Amino acid sequence: MDNLIALLIAAPLLGAAVLLVGGRRLDAVGHWIGTLLSTTSFVLGLVLFAGLLGKDAENRTLTQHLWTWIPVGGFQADVTFRLDQLSMTFVLLITGVGSLIHLYSVGYMEHDERRRRFFGYLNLFLAAMLLLVLADNYLLLYVGWEGVGLASYLLIGFWQHKPSAATAAKKAFLVNRVGDMGLSIAIMLMFTTFGSFAFGPVLSHTGDTSEGRLTAIGLMLLLAACGKSAQVPLQSWLGDAMEGPTPVSALIHAATMVTAGVYLIVRSGAIFNAAPDAQLAVTVVGAVTLIFGAIVGCAKDDIKKALAGSTMSQIGYMVLAAGLGPIGYVFAIMHLVTHGFFKAGLFLGAGSVMHGMNDEVDMRKYGALRTYMPITFVTFGLGYLAIIGFPFLSGFYSKDAIIEAAFAKGGTQGWILGGVALLGAAITAFYMTRVMLMTFFGEKRWQPDAQGHEPHPHESPKTMTIPMIVLAVGSVFAGFFFHLGDRFLHWLEPVTGHSEGDSPIGATTITGATLVCLVVGVGIAWARYGRKPVPVVAPRGSLLTRAARRDLLQDDFNHVVLVRGGEHLTRSLVYVDHTLVDGVVNGTAAGVGGLSGRLRRVQNGFARSYAVSMFGGAALLVAATLLMRAV
Amino acid sequence: MSATAVHSLWTTAADPISKIDTPKIEYGQLAPTLIVLGAALAGVLVEAFVPRRSRYYAQVFVSVVSLCAAFAAVVALAANGYGTTKAHIAAMGAIAVDGPSLFLQGTILLAGLVGLFTFAERRLDPEAHGNRVDSFAAQAASVPGSDSEKAAVRAGFTTTEVFPLLLFAIAGMLVFPSANDLLTLFVALEVFSLPLYLLCALARRKRLMSQEAAVKYFLLGAFASAFTLFGIALLYGYAGSMSYGRIAQVVDGTVTGVDPALAGTMGNDALLLIGSAMIVMGLLFKVGAVPFHMWTPDVYQGAPTPVTGFMAAATKVAAFGALLRLLYVVLPGLRWDWRPVMWAVAVITMLGGAIVAITQTDIKRLLAYSSIAHAGFILAGVIATSKDGVSSVLFYLAGYSFVTIGAFAVVTLVRDAGGEATHLSKWAGLGRRSPLVAAVFAVFLLAFAGIPLTSGFAGKFAVFKAAADGGAAPLVVVGVISSAIAAFFYIRVIVLMFFSEPRPEGPTVAVPSPLTMAAIGVGVAVTLVLGVAPQYFLDLANQASVFVR
């Protein structure tokens, strides 16, 4: 069974190769090939999952060694896969939600003439993501990490004819590079510290390593996670990434790419456990992003960007939980999985709405769509209820667990983090209710599009609605299923470890507080967007609203600090390069050239001069030989 | 003088004659050389007896068959272990049949065969008066520009003598690296030099330049030969023998059975040092090492390009072979004396070739200076004085000769109204107009520059490694620096070909016959195979790297 692991990755990789190399003759069937191979991977995942369930909890780690890449001295880079409970969870999420999104894309991309290529990229994305979560060492993980970055670049910029999409792709790539730098430095530090990249040696020797080193490694890993998971300060790419086709947004923001950072932190738990400072930094990043994303989500009128802000915020929850250590690891992953369901559902729903509304994204031009798109309305609505933490739906269990864990951190930190998490829950309820009300309720505010076509909203085709329905079912029941008898906790505990922590207030009180926050958030939203009509043109709004519309000035900040600063730095470097480095290089070149010109004159074409030179040479040769003997 | 005295003179002279043993000649082991020599003589007979119209075909046939047969003989000898276990000295001590001999003979024969293809090319020049013409003068003896020359062209004369001349040169080159006594060495030197002087003078176009090159080459070659011959005399004076083995024994002081008449004059170290330096100088002239290199650019530029290609490749192989044998078999006991001197020569050869090449504007001169720099690189391997040094030099020579012939073959293709367009400015934008030819030439240039995945890299790596292991690390540093300088002008040509605008009146690329295509194709194939998978050939060279003593 071990050797099925490689096939998990091989299936979508094969799909990517076939679709991208196959060329135009595969246009007619390309999307089905892609969907089939992605589903194959999912089925393989299920088989492996069944196999794991058949074993004892302690023996659920499988490894498959394929080959050793470069054995040089102490440097050993193995291509080895590890399948344990943590990676199994990710595999099922990635391939399951991924396959649904493939199916959805069949309908969504129907009129795109580059659909085959799109599916090739999707498959590439899946393969890279699977490599990331299945790698048994950090170096191989890095390969997957970069592969994900590449595939996301290709997918975000898929509509490359739009300058905004091309720019967004570039932005995502560049911001991710900053994070990648962190990961590569972390890997190098690991090698110098532990002499290995493999999870086994690295994670089992954290006890006998200095805390300073571990903190450095932890912070670098956190930087990497910030890049991939769009956490402050590397969050700016996520909103722009909405330029990609909607299935991409669903794939990137729900199931895969953004969860990579959480995976990295949870996988490296042993390092963070031994480096409390790094751990604290993780929680701070999580808490800040949680609020940051939520505020951005409140102000956006673009439905996908509002959801993107929400994603940022929800990943903030996960990072916060992961930063809590063994108290939170399990819940971070649990929220990750439930979020995978409802956020993918929400994005697919948003895509379905856009599909029916001539690709309009401004929610101010929606309204009253519930009767026109009933299936979308119901599935989106269930996703909505799940994300705000409506009792007994998925989000309720996972988010509540994180809030409890935050309080359980203890001390002042516990109170602050718990308070932030609660506040986040209230804001989540507000902005999601706002999205719901502006889209499906109120009166029609539909506008003709740029070509003057009136929108005729209609329900989407089956290939699109079926995935939405499946995801809605997941959004409703997954949390309860995981919660029942602490199943998820027992499943993941052998890998991540778990401790209860020490909560100053009881679980029931916290749940009650969460529900109060929920009601307050929904209520405010209802008062502002349900009772009063929504203006088609956005009002000027308060200072905070205006800042939030500009993503809380993140791009302005980046521009002033990084771009300007970078320009100054490069200008001075260029100056040094031109004067100093080029001076030396050009000087050498000019010197050699001048010497060449001078030596060339010796070659004057007269045989007599040549003979003299030979004679001189021979004389020197003889003299030198004699001299050598004499010395 | 009285009758009896005359009689006694006659009888005393006659007596010892009957005591001379019949020389024992191992014809089988000398077969490669003998086949080529025989074919060369047959070629002379062809010139005399075969009608003019069929001569070209007859000559090409004879040459190709003989070179193939000779190569087969080399392979057969090697397969029978003459390169390793059965290596020995044949022909009464004159010829060594051992690994380096056979490896270099094989290389020379293959290079000669490929060179022959370029000699036989007759489609590049436009037909003159309905006759196909090759690269060689219609009638070598006619004065350039004279009426008799025009008449010869009109009559469709061709100098088919080039084929026997080529075979003679190849035969000399086969003997040169395997010569095991100084006299044989000298005879071989002259046997391969004289045909080359002649061949250089035979260009069809730019005949004056060609003749000037030939005269220069001849004068300087004769000058160098004089040094060599004088050196041989001095060494004989030192050791009382021409034989390599015997001289080596005298150098080591292990000699036995010295003729008492010679004992008094033997062992004078001044004779040894001066003599060996002068012989080495003659060999350095042939490989084109600084400061004995000055003939190279002029001759390479003036000679017909097929001759240049052949000469640049095969002469270098033969001369380095002889140099290796001389230094490793005759003078190993003297290495503390010659190594520092050779260090200096290698350094100035590498740097000098690379630096002067930078300002060249003619592609043939550029390649000439490049060949000088390469001679320096190979010298670095020679200096290693180890088995690895020998094998790396053997490998380098094999790779280098095919790159060289291929590169010069490409030069023959780029033509304008005046024949070959060798000025670099005319090559601008060639990559736009003839991407394939430019790409092939780029491969050769990259191999010259020693870029990985070409034979040039594998060879350079091998010689530098051997040199570094042999304690010549500073030499390797200089070698790498000169490689960097050299890379500049190789890459510059590539940039010129691919990234410059083509000139409106620029040259065209002639479509060659399969002969030149084969020469270029073999060049590219060998370059890439030795670059991508060099191990088999490195092993082969390594097996072949032991000299018989």
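Among residues other than A:MET188 with Cβ under 13 Å from its Cβ, the summed charge is 0 (Lys and Arg +1, Asp and Glu -1).
Per-residue ellipticity at 222 nm, computed for chain A from helices alone with -39500 (n - 2.57) per DSSP H run of at least four residues, works out to -23000 deg cm²/dmol.
Size of segment B:447-542 from its Cα atoms: along the principal axes, largest to smallest, the extents are 53, 30, 16 Å. Both numbers refer to the Cα atoms of segment B:400-450; Rg and Dmax are 11.0, 34 Å. Among the helices of chain B, those built from whole DSSP H runs whose Cα atoms reach 24 Å or more along their own axis and whose mean Kyte-Doolittle hydropathy is at least 0.0 are B:31-49, B:52-79, B:99-119, B:182-200, B:207-239, B:269-287, B:335-357, B:363-383, B:387-413, B:473-499, B:514-532. Ordered by the count of other Cβ atoms within 10 Å of each Cβ, fewest first, B:PHE488, A:PHE125 give B:PHE488, A:PHE125. For a straight C-alpha distance cut-off of 24 angstrom, the lysines reachable from B:LYS426 (same-chain residues fewer than eight places away being disregarded) are B:LYS206, B:LYS364. With respect to chain A, whose longest principal axis is taken over its alpha-carbon atoms, helix A:276-299 is tilted by about 60°. The distance separating the Cα centre of segment A:434-458 from that of segment A:172-222 comes to 49 Å. Each label point was placed 7 Å from the Cα along the Cα-to-Cβ direction; for B:HIS423 and A:ASP27 their separation is 5.2 nm.
Size check on segment A:5-127: the Cα extents along the three principal axes, sorted descending, read 49, 38, 16 Å. Distance distribution P(r), the protein assembly as shown, all Cα-Cα pairs, bin width 10 angstrom from 0: 2, 9, 14, 15, 11, 10, 11, 11, 8, 5, 2, 1, 0, 0, 0, 0 percent. Grab the other residues whose beta carbon is less than 15 angstrom from that of B:LEU538, score K and R as +1, D and E as -1, and report the net. Charge balance in the 15 Å sphere: 0. Simple rule: put +1 on each Lys or Arg Cβ and -1 on each Asp or Glu Cβ in the protein assembly as shown, find the dipole, and look at A:THR80, B:GLY38, A:MET220; the Cα lying farthest toward the positive end is B:GLY38. Note on B:ASN80 and B:ILE20: their simple-model spin labels are 2.8 nm apart, each label 7 Å out from Cα toward Cβ. Using the Cβ-Cβ distance between A:MET188 and B:VAL258 with R0 = 56 Å, the FRET efficiency computed as 1/(1 + (r/R0)^6) comes to roughly 0.20. Centre-to-centre separation between the Cα atoms of segment A:541-559 and those of segment B:26-70: 90 Å. Between A:ALA527 and A:GLU443, take the C-beta separation as r, use R0 = 25 Å, and let me know the FRET efficiency to the nearest 0.05. That gives a FRET efficiency of 0.90. To the nearest ten degrees, helix A:462-483 and the longest principal axis of the Cα atoms of chain A are 80 degrees apart.
Taking every residue in B:218-224 and counting other chain Cβ atoms within 10 Å of its Cβ, the average works out to 3.
Straight-line reach from B:LYS465: taking Cα to Cα under 17 Å and skipping same-chain neighbours fewer than 8 places apart, the aspartates and glutamates in range are B:ASP388, B:ASP539. Considering only B:SER391, B:VAL411, B:LEU334, the residue lying farthest towards the positive end of the dipole of segment B:324-431 is B:LEU334, judged by Cα position with unit charges set on Cβ. Using Cβ point charges alone (K and R +1, D and E -1), the dipole size of chain B about the Cα centre works out to roughly 1060 debye. The coefficient of translational diffusion for segment B:340-539, derived via Stokes-Einstein from the alpha carbon Kirkwood radius under 37 °C and 0.692 mPa s, stands at 193 µm²/s. For B:ARG549 and A:ARG629, a Förster radius of 30 Å and the Cβ-Cβ distance give a FRET efficiency of 0.80, rounded to the nearest 0.05. Counting other Cβ atoms within 10 Å as a rough exposure proxy, the listed residues A:PHE347, A:PHE557 run A:PHE557, A:PHE347 from fewest neighbours to most.
Mind pulling the angle between the C-alpha long axis of helix A:5-22 and the longest principal axis of chain A? Nearest 10 degrees, somewhere in 0 to 90. Roughly 80 degrees, rounded to the nearest 10. How are the Cα pair distances of chain A distributed, in percent, across 20 Å bins from 0? Whole-percent P(r) values from 0 Å outward: 19, 49, 20, 7, 4, 0. With a 10 Å cut-off around each Cβ of A:604-611, the average count of Cβ atoms from other chains is 5.
Taken as Cα centroids, segment B:411-476 and segment A:561-603 sit 26 Å apart, rounded to the nearest whole angstrom. Excluding same-chain neighbours fewer than eight residues apart, the lysines reachable from A:LYS532 by a Cα-Cα span under 25 Å are A:LYS300, A:LYS304, A:LYS305, A:LYS365, A:LYS444. When peptides B:498-506, B:383-391, A:39-47, B:300-308 are ranked by their average number of other Cβ atoms within 10 Å per residue, the highest-first order is B:300-308, B:383-391, A:39-47, B:498-506.
What 222 nm value per residue comes from the helices of chain B, counting each DSSP H run with n ≥ 4 as -39,500 (n - 2.57) and dividing by all residues, nearest 500 deg cm²/dmol?
Rounded to the nearest 500, it is -22500 deg cm²/dmol.
Read the figures in this text as sums done on the coordinates, not as results from a lab. All figures in this text were calculated on a predicted structure; none of them were measured in a lab. We place every Cβ from the backbone using ideal geometry, glycine too, and count neighbours over all the protein chains shown.
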